[in-house]
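Only one structure is covered here, and it is reproduced in the block below.
The values are calculated or read from the model by the stated rules, or taken from the named source; none is laboratory data. In this text the structure is predicted, and so the values were computed from the model without any measurement. Virtual Cβ from ideal backbone geometry, glycine too; neighbours counted across all protein chains shown. In case anyone asks, the SASA skips ligands and DNA or RNA and just uses the protein heavy atoms, side chains included. Shrake-Rupley method; radii C 1.70, N 1.55, O 1.52, S 1.80 Å.
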Amino acid sequence: MKKHDVLGMERIRGCIFCLGLALICSASMVTGCGSSAKLMHGLSIEELKPVPGILPSAKLIKGTISHIAGDRVEVQTGERIPRYLSIEAGGEEARGLQVGGAVEIMVNDRNEIVAYQRPADSPPTKIFRGALGKQFNPQKERVTVRLETGRDVGFYARAVAMEKLAALEVGETADFAVDRAYLLVDVFSLGKPRELAAGSSSQAFQRRLEGAFVTIGDGRVRLRMKLDLIQSFPVRPLLQPAIEQLAPNELVWIYLDGQGQVIDMVRVARR
């Protein structure tokens with residue numbers, strides 16, 4: 001086969017792939033088809049429970065478009081310098097933008113733009129609660145999140161969120177923000193119970209125990225305690241990914257709430 005024929009076939013395959021990807025992304029953004037609408041890989045709205053909202057660490061800024069050139073949109077917000085938006089990154093929201101038009105910009109706690117939209121009744125992000133299911137590798141852009149149902153779901157993240165995602169511990173509970181394409185754009189950690197003073201919060205631990213990991217299953221972790229006694233403790237679903245990574249006989253501290261449920265865990269060096 002001639003070289004230009006091979007290149008032609010590759011271009012065709014690329015176009016077919018892009019078309020398929022566009023259709024998948026479009027389908028994932030449709031949330032008005034009923035309560036059983038699917039988001040990705042069979043994930044339903046009922047399971048993800050996304051709520052239109054703004055993370056406590058984020059804020060919404062309103063502005064007016066002053067200039068558009070190529071992919072860049074200049075917005076005057078009343079701040080010292082203009083904000084600049086990418087048309088490509090805006091997707092559907094970028095359609096119809098014009099000079100003089102109003103726009104709403106979501107920024108994180110680092111003053112970085114995470115999403116934007118034309119004026120609407122709801123913000124440009126939706127929030128859901130979960131925990132980091134596996135250690136995040138920014139090179140792969142894919143984040144595993146353990147939902148409150150106990151299911152692990154993979155999300156792709158925008159570059160603006162990667163550093164904050166990489167700072168999370170496996171099993172650390174957080175509120176995640178997704179844009180209209182269901183890409184992760186921001187995250188807000190709810191804190192580690194072991195760092196909260198006992199009794200100061202519903203998340204704070206009431207008791208700490210030490211033991212060697214034996215196994216985990218059916219929502220319970222088994223530890224070998226002192227005098228070779230094996231005990232079983234219920235584990236909150238969002239912490240289970242962290243415990244699943246433990247090696248047999250690895251020494252840990254577990255933190256229990258008032259109901260005796262394991263709400264946090266930390267590895268302990270052998271003495």
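Below is a table of values for the structure above.
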| quantity | calculated |
| --- | --- |
| When residues of the stretch 139-150 are limited to those that are touching a strand residue (DSSP E or B) at 6+ places or on another chain (Cβ under 8 Å) and open to solvent by less than 70 Å² (accessible area, probe 1.4 Å), the one farthest from Ala166 (Cα to Cα) | Leu147 |
| Inter-residue pairs, beta-carbon under 8 Å, first more than 30 Å from Gly100 (Cβ to Cβ) and in the stretch 44-64, second open to solvent by 70 Å² or more (accessible area, probe 1.4 Å) and of a type in the set (D, E, K, R), 6+ apart | Ser44/Lys38; Glu47/Arg151; Lys49/Arg129; Lys49/Glu148; Ser57/Asp109 |
| Condition broken by Gly191, with the remaining ones in (1) assigned to a loop (DSSP other than H, G, I, E, B); (2) farther than 24 Å from Pro50 by Cβ; (3) open to solvent by less than 40 Å² (accessible area, probe 1.4 Å) satisfied | (2) |
| Meets criteria (open to solvent by 10 Å² or more (accessible area, probe 1.4 Å), within 23 Å of Glu88 (Cβ to Cβ), within 16 Å of the chain's Cα centre (by Cα) and small (Gly, Ala, Ser)) for Ala181 | yes |
| Selection count, the stretch 88-122, where residues are of a type in the set (A, V, I, L, M, F, W, C) and at pLDDT below 90 | 2 |
| Single residue of Val170, Val114, Val153, Val107 found to be open to solvent by less than 30 Å² (accessible area, probe 1.4 Å), more than 30 Å from Arg267 (Cβ to Cβ) and touching a residue at least 60 places away in the same chain (Cβ under 8 Å) | Val114 |
| The stretch 156-167, residues that are crowded, with 17+ Cβ neighbours inside 10 Å, outside any helix (DSSP H, G or I) and either at positive phi or aliphatic (A, V, I, L, M) (or both) | Ala157 |
| Criterion violated by Leu85 - all others in (1) open to solvent by 40 Å² or more (accessible area, probe 1.4 Å); (2) of a type in the set (A, V, I, L, M, F, W, C); (3) at pLDDT 80 or above satisfied | (1) |
